[in-house]
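Read the structure below first, then the notes.
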Amino acid sequence: MEAIKKPIRTVWDIPRHEQFAPGHNMCQGCAAALIMRMLMKVVGKDAIVAMGTGCVEVTTTPFPYTSWRNPWLHLAFENTAAAASGIEAALKALKRKYGIYKDRYVKVVAIAGDGGTFDIGLQALSGMMERGHDVMYVVYDNEAYMNTGIQRSSATPLGAWTTTTPVGKRMRGEPHPKKDIIGIALAHRIPYIATANPAYPTDMMEKFRKAYETRGPSLVHVLSPCTPGWRIRNEHSIHVARLAVLTGMWVQLEIVNGKPRVTVKVRKRKPVKEYLRLQGRFRHLTDEEIQRIQEMVDRYVEEINRWVGEEAIGPVEA
Amino acid sequence: MTESTEPQGVERYLGKKYPRTWDEVPIAGIVPWPGNTEELPKHSWRTIRPVIDQEKCIRCRMCWVYCPDSAIVEVDKEYTNKKGRTFKVSYEVNYDHCKGCGICAFECPVNAIQMVPEER
């Protein structure tokens, strides 16, 4: 199964072949499984996967089984990007010295969760982007350390309950807003940065394809709803991901050589209350706190619209 | 059910029993059988199961796209519904891999998938 060359416009352009095997131990309704399935459909067999510790790493490889049909490497939290850049350099040296893979393009795909990217693996990621290795880095962001039992990470949004940001008299959930990883990647001036969402599979696969075809570092940041951690119903995981886009909490960006573009435009966005009320982790929020989050999202959307240069995300519908 | 004498699961791959001590484990802990979780049944995880109504289904491919466990299978089977419309593909559920999350039933635009309680 080769990598996809043609653009993916409709769902009928998605190949039927499964490069990511079913039967893994991910939870019912886990969106990370869907993301990995779509990612492996795009990159095909000529890819080396460097996987940082996280939910997907633990659940797809219960020894002696594996869900991956590609060369796959288990790595620690902090060195995903470092090891991926090492593989890329080794491939380059093999090509130059011995002529291995001369007629074949082999891509290194690094996958890590939000803990392994935003917190622990940030310096390795920064080094990889700064040195300009030809690595595609995919972050599946479930907004906390879900694998070890819902501890907060720097990707946890404002007001969310986790086990380390409990709700009580002194603390009302996570006190800080989410870290801007796209801004950090943008500061390294890498050729391709995108944010994607599993509720828009063709858009997500198109971004994976463009990241695959980029010669140089690329970062794709994917929102991945987590059913036990976000306290949502199993069947709602895609619905919640879609609502994140429709309410303006998540903007589908694509930045090619510093030029930003919003790929999924929302004419009239919904109030954030609809997104927050579906999730048990936001259930303690009062109307004033929801109003504060709404104002934060308003500011964020205004910032994005100014940056893109058009009204990509519209005003809140009454 | 007939009893098969062939070894099942891991034992078939390893040619012996599941490694019990450290020196039976493959060198460097590698797993040289790509994609072999496909053999692990996950049907015991679910409490409700999806049933596709082929009459109502309009073949929009949404259940196949959104299934995280690749449990909805696309097969080249022709089907003509009562209105006389012929479809080239059909969607079936692989009940070995389905974990019963219900995403397919929730995302189906025509409600052709029903979640039925699992009864034994």
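Every read-out reported here was derived from the displayed coordinates using simple, explicitly stated rules and does not represent laboratory data. Computed from a predicted model, the values in this text were never measured in an experiment. As a convention, Cβ positions derive from the backbone with ideal geometry for all residues, glycine included, and neighbour counts pool all protein chains shown.
Within 10 Å of each Cβ in A:67-78, how many Cβ atoms from other chains are there, averaged over the peptide? That average works out to 2. Loop-located trypsin sites (Lys or Arg not before Pro) across the stretch A:56-135 with a Cβ neighbour count of 14 or fewer within 10 Å are A:102, A:104, with loop assigned by DSSP. Considering chain A as a Gaussian network with a 10 Å cut-off on Cα pairs, which listed residue, A:72, A:161, A:230, attains the greatest mean-square fluctuation? The residue with the greatest mean-square fluctuation here is A:72. Overall, the ratio between the Cα radius of gyration of the stretch A:83-205 and 2.2 N^0.38 Å, rounded to two decimals, is 1.32.
When the charge dipole of the stretch B:24-120 is built from unit charges on Cβ atoms (+1 for Lys and Arg, -1 for Asp and Glu) and taken about the Cα centre, the candidate among B:101, B:86, B:68 whose Cα reaches farthest toward its positive end is B:86. Residues considered: A:261, A:170, A:189. Largest GNM mean-square fluctuation over chain A, using C-alpha springs under 10 Å, is found at A:170. Taken along the Cα-to-beta-carbon direction at a fixed 7 Å, the label points for residue A:1 and residue A:268 span 4.1 nm. Across the protein assembly as shown, Cα-Cα distances exceeding 28 Å account for 52% of all pairs. In a GNM of chain A with a 10 Å cut-off on Cα contacts, which of A:148, A:165, A:247 has the highest mean-square fluctuation? Looking only at A:148, A:165, A:247, the largest GNM fluctuation is found for A:148. A simple packing score, the average count of other Cβ atoms within 10 Å per residue, orders the peptides A:42-52, A:303-313 as A:42-52, A:303-313, with the highest score first. Among A:125, B:40, a tally of other beta-carbon atoms within 10 Å of each Cβ gives an order, fewest to most, of B:40, A:125. Other protein chain C-beta atoms within 10 Å of residue C-beta, averaged over A:7-16: 2.
The helix-based estimate of mean residue ellipticity at 222 nm for chain A, built from -39,500 (n - 2.57) per DSSP H run of four or more residues and divided by its residue count, is -10500 deg cm²/dmol to the nearest 500.
Applying both filters, DSSP loop and at most 16 other Cβ atoms within 10 Å, to the chymotrypsin sites (Phe, Trp or Tyr not before Pro) of the stretch B:83-120 gives B:95. Need one number: % antiparallel among DSSP beta bridges in the protein assembly as shown, to the nearest 5. Here the antiparallel bridges make up roughly 45 percent for the protein assembly as shown.
What are the residues whose amide H is under 5 Å from the amide H of residue A:232, where those residues sit 5 or more places off or on another chain and H is modelled from the backbone? The answer is A:280. Amide H contacts of residue A:46: A:3, each under 5 Å away and 5 or more positions distant or on a separate chain (H built 1.01 Å from N in the peptide plane; Pro and chain starts excluded). In a reduced charge model with +1 at each Lys and Arg Cβ and -1 at each Asp and Glu Cβ, the stretch A:27-142 shows a dipole moment near 740 debye about its Cα centre.
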